[in-house]
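> So that we are looking at the same thing, I have put the structure below in structure tokens.
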Amino acid sequence: MRPEFFYALDYTKQSITLCVDNSMKLIQLLLYFISFCSIPHSLPDLDPDLEIASAANGDKEVTLILKFLSPETNAIAPGSVKSVQMRKMEKARAAQGNFLKDIQSLNPMERVEITSLWINNTIILKTRMSMVEKLAKREDLESIIADKTLYLEEPQEGGSRETDVDSKFTYGLIKLGIPEVRRLYKLTGKGVTVGLLDSGYADHPDISGRVILARDFVSEKPQIGRASPPNLPNDGHGHGTHCLGTIGGRDHSGKSIGVAPDVKFIVGKIFRDNASTEISKQLEAMQWIADPDGDPDTQDQPRIVSNSWGWKLKKLSDPGLYQDAVKTWREMGIVPVFSAGNSGPYSGTIGVPGGFVESNAIGATDSSDQVASFSSRGIMKWQGVSYLKPN
């Protein structure tokens, strides 16, 4: 009820000024005001890790993710991509405005770094641990989360596979029916841009010349999105390059390896070469890929974003940070595709964001069309609802 209270309070004050000569209306408005004043305010949820650490390590630098309360609004019919983005930006400005004003009044010696995100109404705040106690008293915050370092779940080998060495297609493309699709419908992905958030991309003849934009969110290599020339290859791990090949690799070796060999790519490097990343870096990249040039007037976002990663629910203090970003993608017409995970063969092992109902979670099969032993399974349970995964 807090968001409605703040907006109702402002509106009531204006109404009292306008209706002061009408005693009955004034009384009604005052009763309305009192009824909201009687609602107790709750404080933001605090990451348990922060509760333990803040008391003993006040001077320690920390990165926090602040999730802001938003006013409840009626559902708005889907509009243009720009209208969705502008609505999200305005909502974030309204929710975060008081905080941004307050943070400006801090002692100049108090070092803070702020990144405001509209995609899920959060702020990434770099500060000292002593700030946590002050933030925990704010009534415009829903939760305060400690940023975490996470590691890419490495791919698993699925055992031996039978392949036709004389075929022009990999066994995976044959299982998917790609040769028939190309023959009957001439579909090769031409005119479609695919986004990838992964470990970057390397120079490879099967994808050469088709990465139209790239940005590095996690390393200090300056050539991707930070200096000229942009878009230079940057993948010391290899996972991202492998995924690009699966999506759109060509047939340089004589065998077609990708589903859609004529797609263009936008690539965000969110995993370092040692496979590490942070929640904050992933969220920044999820916003960037929804509007790569930062201009809502240009429709430069990809049609689909591939994310061959995910996390177990117990690893995250607030998985909803990712869900809100995925919902925004959906509203903007971007199809979110995520890995189901490599935590099989047990049930209930689907990771997130793939496990959210808004996402498409992709599992793994072997050359015999059987579910790979390592592939994560459903059912997914989230916020009191159970549903089938993977998709």
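> Do any residues in the stretch 314-334 that are more than 18 Å from D300 (Cα to Cα) have Cβ atoms under 7 Å from those of residues that are assigned to a helix (DSSP H, G or I), where the two are at least six apart or on different chains, and which pairs are they?
P319/L313; L321/I279; L321/L283
> Pairs only if they're at least six apart or on different chains, beta carbon under 9 angstrom, first in the stretch 187-212 and open to solvent by less than 10 Å² (accessible area, probe 1.4 Å), second assigned to a loop (DSSP other than H, G, I, E, B) and of a type in the set (F, W, Y); list them, first residue then second.
Going by the 9 Å Cβ cut-off, the qualifying pairs are L197/F217; L197/F271; L197/W309; D198/F271; D198/W309; S199/F271; G200/F271; I207/Y201.
> If you don't mind, another one. What tally of residues in the stretch 299-336 results from selecting those that are polar (S, T, N, Q), open to solvent by less than 50 Å² (accessible area, probe 1.4 Å) and at pLDDT below 95? Please lay out each step first, then the result.
Restricting attention to the stretch 299-336, the residues satisfying the condition of being polar (S, T, N, Q) are 299, 301, 306-308, 317, 323, 328.
In the following step, the residues that additionally are open to solvent by less than 50 Å² (accessible area, probe 1.4 Å) were identified as 301, 306-308, 323, 328.
Now drop any that are not at pLDDT below 95, which leaves none.
Selection size over the stretch 299-336: 0.
> For a quick check of your reading of the model, give me the residue pairs whose first member lies in the stretch 245-262 and is farther than 14 Å from G189 by Cβ, whose second is at pLDDT 95 or above and open to solvent by 60 Å² or more (accessible area, probe 1.4 Å), with beta-carbon atoms closer than 6 Å and at least 6 apart or on different chains.
Going by the 6 Å Cβ cut-off, the qualifying pairs are H252/P205.
> While we're here: May I ask you to verify whether Q383 is open to solvent by 20 Å² or more (accessible area, probe 1.4 Å), within 25 Å of I119 (Cα to Cα), without any contact (Cβ under 8 Å) to a residue 12 or more places away in the chain and more than 14 Å from the chain's Cα centre (by Cα)? Outline the logic, then answer.
On the way: open to solvent by 20 Å² or more (accessible area, probe 1.4 Å): yes; within 25 Å of I119 (Cα to Cα): yes; without any contact (Cβ under 8 Å) to a residue 12 or more places away in the chain: yes; more than 14 Å from the chain's Cα centre (by Cα): yes.
Yes.
> May I pose another question? Restricting to the stretch 243-255, name every residue that is open to solvent by 10 Å² or more (accessible area, probe 1.4 Å) and either of a type in the set (S, T, Y) or in contact with a strand residue (DSSP E or B) (Cβ under 9 Å, 6 or more places away or on another chain) (or both).
C243, T246, I247, R250, D251, S253, K255
> Looking at (1) surrounded by 19 or more Cβ atoms within 10 Å (Cβ to Cβ); (2) modelled with pLDDT of 90 or more; (3) out of contact with any helix residue (DSSP H, G or I) (no Cβ under 7 Å at 6 or more places or on another chain); (4) not hydroxyl-bearing (S, T, Y), which is the only condition L117 fails?
Result: L117 fails condition (3) only.
> With touching a His at 6+ places or on another chain (Cβ under 6 Å) and open to solvent by 30 Å² or more (accessible area, probe 1.4 Å) as the only criterion, which of D273, D295 stands out? Quick ask: steps written out before the conclusion?
On the way: D295 fails: touching a His at 6+ places or on another chain (Cβ under 6 Å).
It is D273.
The values are calculated or read from the model by the stated rules, or taken from the named source; none is laboratory data. Values in this document were obtained by computation on a predicted structure and should not be read as measured data. So basically every Cβ, Gly included, is an ideal-geometry build from the backbone, and we count neighbours across all protein chains shown. Keep in mind that these areas ignore ligands, DNA and RNA; they rest on the heavy atoms of the full protein, side chains included. Shrake-Rupley method; radii C 1.70, N 1.55, O 1.52, S 1.80 Å.
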